[in-house]
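Asker: Take this structure first; my questions come after.
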Amino acid sequence: MEDETIAVYLHIYDLTRGMAQLMSAAILGKQIDGIWHTGVVVYGREYFFGGQGITSCLPGETILGQPNQIHPLGATQIPFSIFVDYVQGLADSTFRPDAYDLLQHNCNTFSNEIAQFLCGNSIPQHILDLPTEVLSTPFGQSLQPLLNSLGASSSQGGIPVLPLDLDGGRRSVNRAPSPGAVALERAIEDARRDSLKLEERRNTILEKVEKLEKKKAKKQLQQERNASSSSSLSVPEKKMADASEANSALDGSEETPKAPREPPIVYKDLIDVKKEYESLAECIAKVGQDDDHQSMSELKQYVIDDEGSWALGDNFLLFIAKWLNDDKPSNDQLRVQLLTVLAAAALKDDVILILHQDRRDHVLMNYAHNIDRLPLSEQQALALFMCNLFENGSSSEWLLYISEWTAPHTTSPLSNIRVTTKVAVTALLSDNPLLQDRGSAIIYNLAIKEVKTVVFDDVATELAMAILQFFSVEHSEEQIFRCMKGLVRFAYIAHSEVPALIKMIGPDPTQFKGMSARIDDLVEPLLDRLRSVRGMD
């Protein structure tokens with residue numbers, strides 16, 4: 001009988017959780033995508049090496065969570081019993097706990113050894129080359145405690161090296177677990193329960209947002225169909241209602257809260273919508289088809305004739321998806337014009353109906369997630385569109401949704417708030433002044449949103465790091481004010497991480513004193529936050 005073939009995979013984790021990609025240029029003087037920890041997945045387990053020696057757990061259950069990448073290494077026909085003997089031999093010799101060395105003999109060294117034994121292939125070379133490039137720096141050395149903790153914190157410590165019985169079971173070990181192991185298991189279980197409670201809380205908030213938005217969207221659509229050309233509400237009153245309903249959704253109440261204290265930064269006067277629409281129509285006329293012309297007619301009714309979102313047909317989002325996902329360089333200008341017209345549409349108080357239609361396929365957010373791969377002109381138009389979505393409460397809340405989905409060709413889950421953060425960070429740290437200005441506007445708009453802090457739990461640190469890197473170069477008072485507004489907000493959300501980053505990376509907030517009275521008003525609460533954190537230390 002032919003031997004069974006077992007697939008072998010490499011799980012790749014970024015120990016910095018995205019910080020290396022964002023901050024490596026500033027800290028190390030060179031750009032790197034991550035500082036990698038790896039484990040080999042085979043026979044239903046994930047095997048890795050750290051300060052505790054060789055360890056295994058169920059795939060993806062280290063303290064690092066799910067891997068950033070899953071890299072296929074090949075397949076093996078080596079029986080499990082032989083593999084166990086081999087790993088046990090390594091555990092007793094070259095991969096003992098005391099043999100671990102951060103730079104020369106680490107998790108990636110072990111993964112490469114196992115990969116070659118099982119299927120004759122090496123792990124990616126850029127991972128093996130990483131230590132000499134990065135880990136010898138002080139930043140790399142600071143990761144040593146995390147690496148050493150991996151073995152002790154896996155969900156099931158110790159590799160399954162017990163020999164198999166004839167019936168396929170494992171022989172038991174006549175030894176009671178140590179008190180330390182019992183305490184560790186209890187701590188892990190407590191952490192899991194806390195994680196589940198947090199997830200339930202997020203889901204409850206999301207459900208309330210979804211119910212209110214659906215109710216509001218249905219009500220608005222009915223009003224558009226029945227209303228005469230003159231609206232019963234003024235534009236300011238509509239905007240106030242939008243903001244109030246969105247805030248009540250995240251507060252979990254149906255009562256109308258106070259309106260936002262400060263208006264968002266949007267670009268109303270920047271767009272000549274008729275001119276931009278005509279330019280888009282010219283581009284479509286050259287390459288479009290009959291159904292495209294129908295969608296363009298609907299778009300004209302919406303953004304120029306102001307007939308309401310009811311004018312947009314069921315296939316309108318297919319039209320948007322078709323051209324945003326068309327990556328031909330010859331159509332770059334078409335995509336820029338389309339995004340610019342959408343930026344004008346973003347200022348309308350019923351744009352949320354379009355966004356709701358996109359909640360299944362995530363056309364707009366999947367496109368925005370690739371901002372770093374877009375031409376500069378498209379990046380600028382995309383940032384303009386996202387800035388203008390902050391004009392109304394309902395569309396700005398859409399930018400902050402925390403529900404997750406997985407985009408094509410990715411393994412890590414995305415959410416609207418994560419994509420909005422990526423656009424803000426990419427724009428802010430761009431070398432282009434126009435894109436920097438729009439990035440700082442998004443940062444400011446995020447900072448003034450009156451929402452529950454759970455929305456920013458996953459992104460506050462990333463946003464703060466981008467602001468600190470932005471501060472390393474001189475900028476205008478307006479941009480410093482916008483970003484300082486964000487830094488204060490995020491310092492109070494990520495109450496220990498962000499102050500620690502300010503202390504480690506800088507600059508000292510006091511250097512911005514005297515730029516203007518409004519910046520001085522922000523520096524003081526930031527310094528208060530830093531002092532309170534030092535007091536707790």
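Asker: Where only protein heavy atoms count, and the probe is 1.4 Å, what is the accessible area per residue for segment 372-460 in Å²?
Answerer: 30
Asker: Right, next: Order these peptides, 63-74, 485-496, by their mean beta-carbon neighbour count within 10 angstrom, highest first. Each step should come with its number before you reach the end.
Answerer: On the way: 63-74: 16.2, 485-496: 21.6.
Most protected by this proxy first, the peptides run 485-496, 63-74.
Asker: Hey, another quick one. Enumerate the calculated ³J(HN,Hα) couplings along segment 507-523 in order (Karplus 6.51 cos²θ - 1.76 cosθ + 1.60, θ = phi - 60°), each rounded to whole Hz, writing x wherever the residue is Gly or Pro.
Answerer: Values, residue by residue: x, 5, x, 5, 5, 8, 5, x, 5, 6, 5, 5, 6, 4, 5, 8, 5 Hz.
Asker: Further question: From the Cα gyration tensor of segment 395-464, with a ≥ b ≥ c the square roots of its eigenvalues, which class applies: rounded if a/c is under 1.5, or else prolate if a/b is larger than b/c, or else oblate? Before the final figure, lay out each step's value.
Answerer: Working: a/c = 2.02, a/b = 1.23, b/c = 1.64.
Since a/c reaches 1.5 but b/c is at least a/b, the shape of segment 395-464 is classed as oblate.
Asker: Further question: Looking at the square roots a ≥ b ≥ c of the eigenvalues of the Cα gyration tensor of segment 321-457, which shape do they give, rounded for a/c under 1.5, prolate if a/b is larger than b/c, or oblate?
Answerer: Numbers: a/c = 1.31, a/b = 1.20, b/c = 1.09.
Because its axes are fairly even, with a/c under 1.5, segment 321-457 counts as rounded.
Asker: Summing Lys, Arg as +1 and Asp, Glu as -1, what charge do residues with Cβ under 12 Å from the Cβ of residue 53 carry, residue 53 excluded?
Answerer: Value of the local net charge: -1.
Asker: Rounded if a/c is under 1.5, else prolate if a/b is larger than b/c, else oblate: which is segment 358-437, with a ≥ b ≥ c the root eigenvalues of its Cα gyration tensor?
Answerer: oblate
Asker: Applying a 10 Å radius around every beta-carbon, put 446-453, 389-396, 6-13 in order of their mean neighbour count, most first. Spell out each step's value before the answer.
Answerer: Numbers: 446-453: 18.9, 389-396: 25.8, 6-13: 20.4.
So the order, starting with the most tightly packed, is 389-396, 6-13, 446-453.
Asker: For the cross-link pairs 286/422; 449/503; 322/485; 322/452; 322/449; 268/422, which exceed 29 Å when the distance is taken from alpha carbon to alpha carbon? Intermediate results must be reported in sequence, preceding the final value.
Answerer: On the way: 286/422 33 Å; 449/503 26 Å; 322/485 38 Å; 322/452 35 Å; 322/449 32 Å; 268/422 23 Å.
Pairs exceeding 29 Å: 286/422; 322/485; 322/452; 322/449.
Asker: Let me ask something else. Could you run the Karplus curve 6.51 cos²θ - 1.76 cosθ + 1.60 with θ = phi - 60° over segment 316-326 and give me ³J(HN,Hα) per residue in whole Hz, x for Gly and Pro?
Answerer: For segment 316-326, the Karplus curve yields 5, 5, 5, 4, 4, 4, 4, 8, 5, 8, 7 Hz.
The values are calculated or read from the model by the stated rules, or taken from the named source; none is laboratory data. Predicted, not measured: the structure shown is a model, and the values here were computed from it. Positions of Cβ are generated from backbone atoms using ideal geometry, with glycine treated the same way; all protein chains shown enter the neighbour counts. These accessible areas exclude ligands, DNA and RNA; they are computed on the full protein's heavy atoms, side chains included. Shrake-Rupley method; radii C 1.70, N 1.55, O 1.52, S 1.80 Å.
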